[in-house]
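The block underneath contains the structure these notes are about, expressed in structure tokens.
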Amino acid sequence: MRDSAEKPILLAPAGSPQALKAAVYNGADAVYLGLNKFNARLKAENFTLENLSEWIEFCHLYGVEVCITVNTSLKKGELEEAKKFAEQLAALKADCIIATEPALIEFCAGLKGIRTVASTQLNIHNVMGAQTAKAMGADVAVLSREAILDDIRDINLYADIETECFLHGALCVSLSGQCYLSSFVDGNSGNRGLCAQPCRQLYRSFCQDGEIKKSGYLLSAKDLCGVYTAKRLADAGVSIFKIEGRNRREQYVGETCSVYRKILDSDYEFQADDIKRLKTAFNRGDYTSGYLNNADNIIYPLFQGHKGIEAGIIKKVDGSFVIAGNLFLHECDSFKILRDFKETGNCVAVGNSSNLITKIKYSGKPQEGDRVYLTSSAAMNFRIAHTEKRIQANAEFSAKVGEEPVLKLTARDVSAIVKGKIKAQSALNQPLSNAQIEELLRKTGETEFTISDVVINSDNIFLPKSSINELRREATSALRAELLRNYYQTRNLPAHNDRIEKSYEMPFLNHSGKIICQVRNADEYLRIKQYTDFVVFKPDDYSVESVSDFKTACSDFYLDLPNFATQHDLRIIADIIEKCGVTGIVANNLYALRLAKIYSLDVVLGLGLNIFNRESACVLGKNLKVRAYIASQELSLKDIRDNLSDAYIFAGGDITVMTVAHCPIKVNFGNECKKCRYENLMYGDKTGRKFPLKRKRIARCYFEIENCVPLNGTRKIDFPGNFFLKFDGDEREVAHFSMLAQGIDDGYRKNGQYTCLLYTSDAADEL
């Protein structure tokens, strides 16, 4: 666990060179950035392999660490390319690689001179998940945004891995790494760096009877703000505080770094002005503290964009308009005009005024009474654009007649000493004054240095000014090299020494032409038992009672474990395993792998693990009794046949496109848990598509959002294979795939409204 006396590292986003500079100049201890491949923020400007070296060196000169994101799901060929890329990053002296693929994490663990960080996409949120990441070779675990404070504290106490937590920025409404909505709705995978953010769109909620309950941005999460929680996270042992925002402007990066630097350096003290500055930079819905204490204040249904801070109310509209407010407005300040939280126009301040009434030019159709929100501060933009942090250096200059002058520069307790090429002469007329020497030494120009203190030891000498200029240039160059050398000598890196045992084979208990069928109750099992080789039970309520009831009908079954489980949830799950005697589990998260090992259970590697390549499947299944693994639902049939021939194909049933940790019932009905009015809801988008919400419950509830139409593989899968089905009441479908697994196509083709292909197939989905 981190020493409580140590200050957490402030890790800032760098989606562009400008954002990187803003982060470094405004107090970041480390930055994370991506290149134009293997990057979960491909829509950012990003960096190139050609210019990466100079930016790494720039950061290291300031003592700032550089973390490179290689955090997307990778197919077989991409994985091999990513490994070579990781070797290049280590050679370029990057400090960390942030990876999602288990096989890449294991590979990077064997690289020397670089730390391996398990991405938030792995949804690490409890002790067992963190222990599994550690066993893969990760040095740092980026905890999921949904992790609660008690579990974060336990991870730092018992998991023997450094932790990183998001402190500020956008919140994904879905569990980390468990969102496929963009894939199935827009054809752009968030797990592959191309999220189209359908969660930020307007939705309507419908009850079973079709009644509309609520309209708004029902899946749009507020932005996270950590000013109230930073101290609690630090006390819980978190080592790294992460600011989200690689798709945001450098002004946002600079301002958030500046504010949090101030808060961290003042022992977590903050003022109202700090929050005002953060809101001006960017905010969605006035902020939330997130999930740390099972918070419900997550969704902001009224408005989904940058809200800024309220500047005033429109009092008069006449060509231009005036507002009454309490902000000092500056020329070129930008605003949004909102009426009933709907944007009706934009405006820009002309001139400046400290008065309550200010004239503004606008576009749109504003009315008296509309509210005006400041969304871009000209003063803030100017401040960030003109903030330049130079390295403070002290200079000692000495020169004696008949000897070469010596210049010593010192910065951050690192020194460089350079001797001149021309000997000092005795001054015949005008000696070179100390003031003249100091003036020349301070001309550091476009270097990263500025001279703070100057000590001069000389008397009655003459030197050409050009020689002193050359001496200064050589000294700053030497100091630069010494600072970099010192950085590499003193940075804290793990001693890997191939400490991770690699294994790319998995001893399957059974892996040939079989059917796995998932059911919700005993009645469903009895209807399909003659067609399936083994059954998966996924209850709505996880309890000893519900699992025991199922066991009376089916003695040999696998329990589908949720992809999110707090320590309270884990106690219930452990109780079920111990008392009900399940054959095995379906693992949808890293924690489940640890659980299977503890209880010596058979394992199916489930959809929640999002397996893109066989090597990662082998890493996940290492030292476990793996019965089967299911290929990612984002892979095409061709991908699976070519590279994952022994995987199970998700062939039919409801597609879970998102799993959420907040309560949609509270969002729509506002009721308390103890008076829960749970109803089967659907969220409808502007195209008319409706997405069902299904509640699952352990110690707490979580919700799965299903695709608008189920998957139907009977229309496209015409080859023998291993098939995974979620039973939807159609026994004929299960029978069909049972025969197909044996090489017999009985010609059955399911009709109705379905999507018949997986996401990246070579034809368009039918949504």
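Before moving on, here are some points about what is shown:
- Of ARG261, ARG192, ARG246, all but one fail to be within 25 Å of ALA30 (Cα to Cα) and out of contact with any strand residue (DSSP E or B) (no Cβ under 9 Å at 6 or more places or on another chain); the exception is ARG192.
- Some residue of the stretch 471-487 being surrounded by 18 or more Cβ atoms within 10 Å (Cβ to Cβ), within 30 Å of THR116 (Cβ to Cβ), at pLDDT 95 or above and touching a Lys or Arg at 6+ places or on another chain (Cβ under 8 Å): yes
- Single residue of the stretch 132-150 satisfying the filter (under 18 Å from GLY608 (Cβ atoms) and not hydrophobic (A, V, I, L, M, F, W, C)) that is farthest from the chain's Cα centre (by Cα): THR132
- Within the stretch 297-332, if we keep just the residues that are acidic (Asp, Glu) and surrounded by fewer than 15 Cβ atoms within 10 Å (Cβ to Cβ), the residue that is modelled with the highest pLDDT turns out to be GLU331.
- Hey, ASP685 surrounded by fewer than 19 Cβ atoms within 10 Å (Cβ to Cβ) and either among the aliphatic types (A, V, I, L, M) or modelled with pLDDT of 90 or more (or both) or not: yes
- For the stretch 411-452, the set of residues classified as of a type in the set (Gly, Ala, Ser) and touching a Phe, Trp or Tyr at 6+ places or on another chain (Cβ under 6 Å) consists of ALA427 only.
- Some residue of the stretch 529-536 being among the acidic types (Asp, Glu), at negative phi and part of a helix (DSSP H, G or I): no
- Residues located in the stretch 209-242, provided they are surrounded by fewer than 22 Cβ atoms within 10 Å (Cβ to Cβ), of a type in the set (Gly, Ala, Ser) and over 13 Å from LYS7 (Cα atoms): GLY210, SER215, GLY216
- Single unsatisfied condition, LYS579 versus (1) surrounded by fewer than 21 Cβ atoms within 10 Å (Cβ to Cβ); (2) of a type outside the set (Ser, Thr, Tyr); (3) touching a residue at least 60 places away in the same chain (Cβ under 8 Å): (3)
- Only one of ASN123, ASN51, ASN39 that is under 30 Å from TYR252 (Cα atoms) and either in contact with a helix residue (DSSP H, G or I) (Cβ under 6 Å, 6 or more places away or on another chain) or without any contact (Cβ under 8 Å) to a residue 60 or more places away in the chain (or both): ASN51
- Whichever residue in the stretch 734-756 is among the small types (Gly, Ala, Ser) and part of a helix (DSSP H, G or I) and, among such residues, is surrounded by the fewest Cβ atoms within 10 Å (Cβ to Cβ): ALA735
- Close pairs from the stretch 645-666: first part of a loop (DSSP other than H, G, I, E, B), partner among the small types (Gly, Ala, Ser) and buried (at least 22 other Cβ atoms within 10 Å of the Cβ), Cβ under 7 Å, at least 6 apart: ALA647/ALA631
- When PHE206, PHE184 are checked against the criterion of being surrounded by fewer than 24 Cβ atoms within 10 Å (Cβ to Cβ), of a type in the set (Phe, Trp, Tyr) and at pLDDT below 95, PHE206 stands alone in meeting it.
Residue by residue, here is whether (1) closer than 27 Å to ILE640 by Cβ; (2) among the hydrophobic types (A, V, I, L, M, F, W, C); (3) exposed (fewer than 15 other Cβ atoms within 10 Å of the Cβ) holds:
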| residue | (1), (2), (3) |
| --- | --- |
| THR532 | yes, no, no |
| GLU545 | no, no, yes |
| ASP560 | yes, no, no |
| ALA565 | no, yes, no |
| THR583 | yes, no, no |
| ASN588 | yes, no, no |
| LEU601 | yes, yes, no |
| GLU615 | yes, no, no |
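- Among the residues of the stretch 404-415, the ones that are in a strand (DSSP E or B) and buried (at least 21 other Cβ atoms within 10 Å of the Cβ) come to 3 in all.
- Number of the condition not met by ASP685 [criteria: (1) closer than 11 Å to ILE705 by Cβ; (2) within 28 Å of the chain's Cα centre (by Cα)]: (1)
- Checking ASP273 against (1) under 30 Å from LYS666 (Cβ atoms); (2) modelled with pLDDT under 95, the condition it does not meet: (1)
- Lone qualifier among GLY237, GLY254 - being in a loop (DSSP other than H, G, I, E, B) and either farther than 19 Å from GLY34 by Cα or in contact with a helix residue (DSSP H, G or I) (Cβ under 6 Å, 6 or more places away or on another chain) (or both): GLY237
- Test: residue in the stretch 690-697 that is touching a residue at least 12 places away in the same chain (Cβ under 8 Å) and either outside any strand (DSSP E or B) or of a type in the set (Gly, Ala, Ser) (or both): no
- Among the residues of the stretch 677-705, none is identified as in contact with a Ser or Thr (Cβ under 6 Å, 6 or more places away or on another chain) and under 27 Å from HIS736 (Cα atoms).
- Selection from the stretch 722-733 of residues that are on the phi < 0 side of the Ramachandran plot and either buried (at least 17 other Cβ atoms within 10 Å of the Cβ) or assigned to a loop (DSSP other than H, G, I, E, B) (or both): ASN722, PHE723, PHE724, LEU725, LYS726, PHE727, ASP728, ASP730, GLU733
- Hey, GLN271 within 20 Å of the chain's Cα centre (by Cα) and under 28 Å from HIS330 (Cβ atoms) or not: no
- Residues located in the stretch 288-312, provided they are in contact with a strand residue (DSSP E or B) (Cβ under 7 Å, 6 or more places away or on another chain) and on the phi > 0 side of the Ramachandran plot: GLY290, GLY308, GLY312
- Of the residues contained in the stretch 40-54, one or more are found to be aliphatic (A, V, I, L, M), touching a strand residue (DSSP E or B) at 6+ places or on another chain (Cβ under 7 Å) and under 19 Å from LYS242 (Cβ atoms).
- Scanning the stretch 110-135 for residues that are surrounded by fewer than 24 Cβ atoms within 10 Å (Cβ to Cβ) and among the small types (Gly, Ala, Ser) yields GLY110, GLY113, ALA135.
- When LEU605, LEU601, LEU590, LEU609 are checked against the criterion of being over 23 Å from THR120 (Cβ atoms) and outside the structural domain of LEU104 (by TED's automatic domain parsing), LEU601 stands alone in meeting it.
- Restricting GLU448, GLU438 to those that are among the charged types (D, E, K, R), under 45 Å from the mean Cα position of the chain (by Cα), surrounded by 14 or more Cβ atoms within 10 Å (Cβ to Cβ) and over 18 Å from VAL401 (Cα atoms) reduces the list to GLU448.
- Complete set of residues in the stretch 595-644 that are assigned to a loop (DSSP other than H, G, I, E, B) and closer than 23 Å to ASP556 by Cα: SER600, LEU601, GLY606, GLY621, ASN623, LEU624
The values are calculated or read from the model by the stated rules, or taken from the named source; none is laboratory data. Model, not experiment: these values are computed from the prediction. All Cβ positions, glycine included, derive from the backbone under ideal geometry; neighbour counts span all protein chains shown.
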